[in-house]
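The values are calculated or read from the model by the stated rules, or taken from the named source; none is laboratory data. Computed from a predicted structure; not experimentally measured. Here the Cβ positions follow ideal geometry from the backbone for every residue, glycine too, while neighbour counts run over all protein chains shown.
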Amino acid sequence: MLDFKYEIDQDKCIGCEMCAEVCPTMAIDFDAEKEKAYVLDRDNCLVCHQCLEVCPVDAIIMEGGLWQEDIRTH
Amino acid sequence: MDIAKEIRTIQTDVLVIGSGMAGLRAAIEARRSGQEVLLVDKSLLGRASSSIYAGGLGLEILPKHLPYHGAVKGKKFADYFNGTIEEVFDKMLEEGVSIGWGYPYIDNQRILMTVAADYKLRQEELRDFGVEDPYSQHFIGRPVSMGVPIILPMVEHFKKMGGATMEKTVVTDLIRQKDRVIGVIGFEMADKRMVAILAKATVMASGGCAQVYKRTYSPTRITGDGYAMAYRAGAELWEMELVAFCNWTIAEPKCPQWWLPFSYGRVSGKLRNALGEPFFEKYAKENGWLGPKATLNDEDVMDKRYGKPLTELDHYFWIAVSKEVREGRGVDGAVYLDLRHVPDERWYYENDGITGLNEMRNFDWKKKPLKIAPAAEKQAGGILTDEYFKSSLEGFYAAGEAGPGVSLPFCIVSGACSGRYASWYAREAPPAELGDEDRKWVEKRKLQAQALLNREPKEAGDPRRIKQAIKETMWTYVGTLRTDEELARGLEALERIEKERLPHLYARDVRSLREAYEVNNMVLVSKMIAESARMRTESRGLHQRLDYPHEDNVNWLKNIVLEASDGGMKLSTRPVNLIWRKPPESRVKGGNI
């Protein structure tokens, strides 16, 4: 049903867990063995942008999300 | 995984648990009063709170040029607090439910008066904490997380004041010495280590427990930890049956359960059942919910259509929708909200999430109606406190949703008050020190945590599966409309979870250890809600019983108070302290109205 791209770049992810911590709906989870965050359930994403805001290495790929640019410039 | 052998000990004057609006405000106030303050959160500071998603203050900030501004009565939240303090107090007492309190006449009137008197000041004061003009455009473009520009500056402000913080530290229990709380024990996720935080005074601001319901839009971490910890330590809780539900929550498959923001677009919608028929009018007529000037014209916005302010109507909508679904005229537990006739400009110039959510999901609200159903929003009950936000235990205070009320105005007012009085207590109190018994107990809790980590993983003990079972049970049996029979079955199901599944509960790593603690707390809090709901044999505001459909002001001007006892959960009633206002005669006559 989603028509926007929402992924976590596994090469860039440094395993800091921050995105999984802030996700309010468990759309993102953290794999403790691999030490990487991953998108568990894209359908649960609220597009709240908190993961984008906290990721220190820009590993979160969200394309086609409204307001995304607005928020980055604020 | 092994927990570090050594237990870390930290000393502070005032400890604040939870970094949402209430916790931050309490921490800032206590620091202002010159005490050492430590702010602890089980996740990232401020980021995992429900305040960061809350729309309450968001309503403040909508710029005046927007088309609907002024079109919807009661829209601007600050307007609610216009008038003399006494006028505001009367309004809150009568309409309590609309801003999230329990319901008319069963609240602590002194606390109500405190909020009526302080809110405007507390809101203006946010500027001093670095929150940019709360009325500015800055907030536009945040369809969902409207609290970000309020909460994050407050975190920074607190740090600048010299406040200490700990993130990803899961507080698991309060440490009690005689009648006093002397701090907490917890688990530091980063160092895999137990920590004992000794504090002269402790403020609990851990938020509510809406996550115990399957349908909710509260963030993942809102699992009632504060209620459970207070209960285990022997503090009193009250009014746990009063759970607020929000009707305007998306129930589409493959969509998150999110609420449609309070907007001109939403209030222009038309509610329809599975057969495409309007149904709200029927319930409104039966129950006398319509105002004298109701037009009943679908083209009018809802306050005109039904002749009542939206703040009041909002409460009737979830009752009507729940009844319609229960009568079998729902679609997958939901009803339709038809927005097809709403012109674009009512949506696109507004700061609201629905357009973003729907566009991204290729869901066109202009082509087909949207499924919506009530979802748990917040818990109006909580830790029982007096008007100084002190609980029944010495040195233990509660603010925000964890405390005796709910809603953002309550959070900033109770946060400021609890922070002040906790720091006054800390000034005079003797230092907190662990005794031999306490040390043994902390060591025991450490072994229990290690046991969760050592336990063999079996499906029955998976924390996430148990959470799902609790959520299903609560939604089915302890949901929006309640009966004695269903509540009894809900309690049985919760007992089964407790007896058959909790003994298998396991944790694989630090993150699932946190979830395991949450599961234990959720079971306990769910039982509190179900037991209290069973006891209150009347319908009042947020608590709706199908077997007792009327407000009963002869027998039920009472608060249900709950505490731990040797024989399990002990419930009792206390008459409401009607110090300043009593319900009008018309509401009391004949017992039922």
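Go through the residues of segment B:94-116 one by one and say whether even a single one is modelled with pLDDT of 70 or more, outside any loop (DSSP other than H, G, I, E, B) and surrounded by fewer than 18 Cβ atoms within 10 Å (Cβ to Cβ). The answer is yes; a qualifying residue exists.
Limited to segment B:506-523, what total is found for residues that are within 11 Å of another protein chain (Cβ to nearest Cβ) and small (Gly, Ala, Ser)? Qualifying residue count for the region: 2.
So, in segment B:547-593, of the ones that are polar (S, T, N, Q) and either farther than 27 Å from B:GLU86 by Cα or modelled with pLDDT of 85 or more (or both), which residue ends up surrounded by the fewest Cβ atoms within 10 Å (Cβ to Cβ)?
As a first pass, look at segment B:547-593 and keep what is polar (S, T, N, Q): B:553, B:555, B:559, B:565, B:572-573, B:577, B:586, B:592.
Applying the additional criterion that residues be either farther than 27 Å from B:GLU86 by Cα or modelled with pLDDT of 85 or more (or both) yields B:553, B:555, B:559, B:565, B:572-573, B:592.
Numbers: B:ASN553: 25, B:ASN555: 11, B:ASN559: 23, B:SER565: 9, B:SER572: 12, B:THR573: 14, B:ASN592: 14.
It comes out as B:SER565.
Name the residue that is nearest to the other protein chains (Cβ to nearest Cβ), counting only residues in segment B:243-256 that are buried (at least 20 other Cβ atoms within 10 Å of the Cβ) and farther than 16 Å from B:TYR336 by Cβ. Among residues in segment B:243-256 that are buried (at least 20 other Cβ atoms within 10 Å of the Cβ) and farther than 16 Å from B:TYR336 by Cβ, the one nearest to the other protein chains (Cβ to nearest Cβ) is B:PRO256.
Is it the case, given these coordinates, that B:LYS42 is out of contact with any Pro (no Cβ under 7 Å at 6 or more places or on another chain), within 14 Å of chain A (Cβ to nearest Cβ) and at pLDDT 80 or above? Give the steps one after another, and end with the answer.
Details: out of contact with any Pro (no Cβ under 7 Å at 6 or more places or on another chain): yes; within 14 Å of chain A (Cβ to nearest Cβ): yes; at pLDDT 80 or above: yes.
Considered against the rule, which asks whether it is out of contact with any Pro (no Cβ under 7 Å at 6 or more places or on another chain), within 14 Å of chain A (Cβ to nearest Cβ) and at pLDDT 80 or above, B:LYS42 comes out as yes.
Across segment B:1-32, the qualifying residues are those that are among the hydroxyl-bearing types (Ser, Thr, Tyr) and assigned to a strand (DSSP E or B), and the one among them that is nearest to B:LYS440 (Cα to Cα) is B:THR9. How many residues, within segment A:32-49, are farther than 19 Å from B:THR216 by Cα and either in contact (Cβ under 8 Å) with a residue 40 or more places away in the chain or facing chain B (nearest Cβ under 10 Å) (or both)? Within segment A:32-49, residues that are farther than 19 Å from B:THR216 by Cα and either in contact (Cβ under 8 Å) with a residue 40 or more places away in the chain or facing chain B (nearest Cβ under 10 Å) (or both) number 3.
Of these, B:MET522, B:MET528, which one is in a helix (DSSP H, G or I) and in contact with a helix residue (DSSP H, G or I) (Cβ under 6 Å, 6 or more places away or on another chain)?
Values: B:MET528 fails: in contact with a helix residue (DSSP H, G or I) (Cβ under 6 Å, 6 or more places away or on another chain).
Exactly one of B:MET522, B:MET528 is in a helix (DSSP H, G or I) and in contact with a helix residue (DSSP H, G or I) (Cβ under 6 Å, 6 or more places away or on another chain), namely B:MET522.
All of B:ILE182, B:ILE175, B:ILE222, B:ILE197 fail the test of being part of a loop (DSSP other than H, G, I, E, B), β-branched (Val, Ile, Thr) and at pLDDT 95 or above, apart from B:ILE222. If the condition is being within 10 Å of another protein chain (Cβ to nearest Cβ) and in a loop (DSSP other than H, G, I, E, B), then segment A:1-30 contributes A:MET1, A:LEU2, A:ASP3, A:PHE4, A:GLU17, A:CYS23, A:PRO24, A:THR25, A:MET26, A:ALA27.
Kindly indicate which of B:LEU271, B:LEU290, B:LEU237, B:LEU275 is out of contact with any helix residue (DSSP H, G or I) (no Cβ under 8 Å at 6 or more places or on another chain) and away from chain A (no Cβ under 14 Å). So that I can check it myself, show each step before the final result.
Working: B:LEU271 fails: out of contact with any helix residue (DSSP H, G or I) (no Cβ under 8 Å at 6 or more places or on another chain); B:LEU290 fails: out of contact with any helix residue (DSSP H, G or I) (no Cβ under 8 Å at 6 or more places or on another chain); B:LEU237 fails: out of contact with any helix residue (DSSP H, G or I) (no Cβ under 8 Å at 6 or more places or on another chain).
Residue meeting the stated conditions: B:LEU275.
If I go through segment B:143-172 residue by residue, how many of them are away from chain A (no Cβ under 12 Å) and assigned to a loop (DSSP other than H, G, I, E, B)? The qualifying residues number 3.
Starting from residues that are basic (Lys, Arg) and in a loop (DSSP other than H, G, I, E, B), keep the ones in segment B:446-463 and report whichever is surrounded by the fewest Cβ atoms within 10 Å (Cβ to Cβ). Filtering first and then ranking leaves B:LYS458. What about B:ASN273, is it polar (S, T, N, Q) and in contact with an Asp or Glu (Cβ under 6 Å, 6 or more places away or on another chain)? Answer is yes for this residue.
For segment B:284-303, filtering for residues that are over 30 Å from the mean Cα position of the chain (by Cα) and either of a type outside the set (S, T, N, Q) or surrounded by fewer than 10 Cβ atoms within 10 Å (Cβ to Cβ) (or both) leaves 10. For segment B:125-143, a residue qualifies if it is modelled with pLDDT under 70 and hydrophobic (A, V, I, L, M, F, W, C), and the qualifying residues are B:PHE139, B:ILE140.
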